[in-house]
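*Asks:* Dumping the structure here so I can ask a few things about it.
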Amino acid sequence: MQQSKFLRTNKIIYLALLVGMLLFAGIAFFLNENNRVLKIDSENAFSFVVPVVLLGGIAASKFMFNTLMKKMEHAKSLQDKIGIYTSSSLIQYALIEGPVLLCIVTFMMSGNLFFIIFMFAGVLYYLSLMPNPDKIAKQMNLSYDEKGE
């Protein structure tokens, strides 16, 4: 029972963040209906900042998740492991969501679809993080007994 509640909560948080990003992108897209262009503007600093921030966010999310998951080795109970996994996942999600939101905001300011391309790249990576029972059990390194709880 505890495991299904944890999984449901994790999925709800994940999906809420995903829907928020996509809704914001959709709103930004329609607000810039008459101002959309696709160009790589070497004079706009954001053309360089956004890709670097997105790649940095992806790298930081992997690093932070793995670093925080190392605490799992010292966790004694399943409840402790769930807490560590939940906080690690939330940080990982946030480190992806931030750069994606930056992509959307820069698109809103400039109307340049170049930033939407990076937003979709960030969302695709975020989709690869979707929680499922097998993936979570593997990442948490659960024993057979813990999987049954």
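*Asks:* Regarding the stretch 49-68, can at least one residue be identified that is over 21 Å from residue 119 (Cβ atoms), in contact with a helix residue (DSSP H, G or I) (Cβ under 8 Å, 6 or more places away or on another chain), surrounded by 15 or more Cβ atoms within 10 Å (Cβ to Cβ) and free of Cβ contacts under 8 Å to residues at least 24 places away in the same chain?
*Replies:* So far as the stretch 49-68 goes, yes, one or more of its residues are over 21 Å from residue 119 (Cβ atoms), in contact with a helix residue (DSSP H, G or I) (Cβ under 8 Å, 6 or more places away or on another chain), surrounded by 15 or more Cβ atoms within 10 Å (Cβ to Cβ) and free of Cβ contacts under 8 Å to residues at least 24 places away in the same chain.
*Asks:* List pairs: first in the stretch 101-122 and without any contact (Cβ under 8 Å) to a residue 12 or more places away in the chain, second outside any helix (DSSP H, G or I) and buried (at least 22 other Cβ atoms within 10 Å of the Cβ), Cβ under 8 Å, 6+ apart or cross-chain?
*Replies:* none
*Asks:* So residue 76 fits all but one of (1) under 30 Å from residue 5 (Cβ atoms); (2) in contact (Cβ under 8 Å) with a residue 40 or more places away in the chain; (3) among the charged types (D, E, K, R); (4) not in a helix (DSSP H, G or I); what number is the exception?
*Replies:* Among (1) under 30 Å from residue 5 (Cβ atoms); (2) in contact (Cβ under 8 Å) with a residue 40 or more places away in the chain; (3) among the charged types (D, E, K, R); (4) not in a helix (DSSP H, G or I), residue 76 violates only (2).
*Asks:* Which members of the stretch 109-128 meet the condition of being surrounded by fewer than 17 Cβ atoms within 10 Å (Cβ to Cβ) and either at pLDDT 95 or above or under 26 Å from residue 64 (Cβ atoms) (or both)?
*Replies:* If the condition is that a residue be surrounded by fewer than 17 Cβ atoms within 10 Å (Cβ to Cβ) and either at pLDDT 95 or above or under 26 Å from residue 64 (Cβ atoms) (or both), then 117, 120, 124, 127, 128 are the ones that fit.
*Asks:* For residue 84, all conditions in the list (1) touching a residue at least 12 places away in the same chain (Cβ under 8 Å); (2) under 22 Å from residue 19 (Cα atoms); (3) among the hydrophobic types (A, V, I, L, M, F, W, C) hold save one; what is the number of the exception?
*Replies:* Of everything listed in (1) touching a residue at least 12 places away in the same chain (Cβ under 8 Å); (2) under 22 Å from residue 19 (Cα atoms); (3) among the hydrophobic types (A, V, I, L, M, F, W, C), residue 84 misses just condition (2).
The values are calculated or read from the model by the stated rules, or taken from the named source; none is laboratory data. Values in this document were obtained by computation on a predicted structure and should not be read as measured data. Cβ sites come from the backbone with ideal geometry, for glycine too, and all protein chains shown count toward neighbours.
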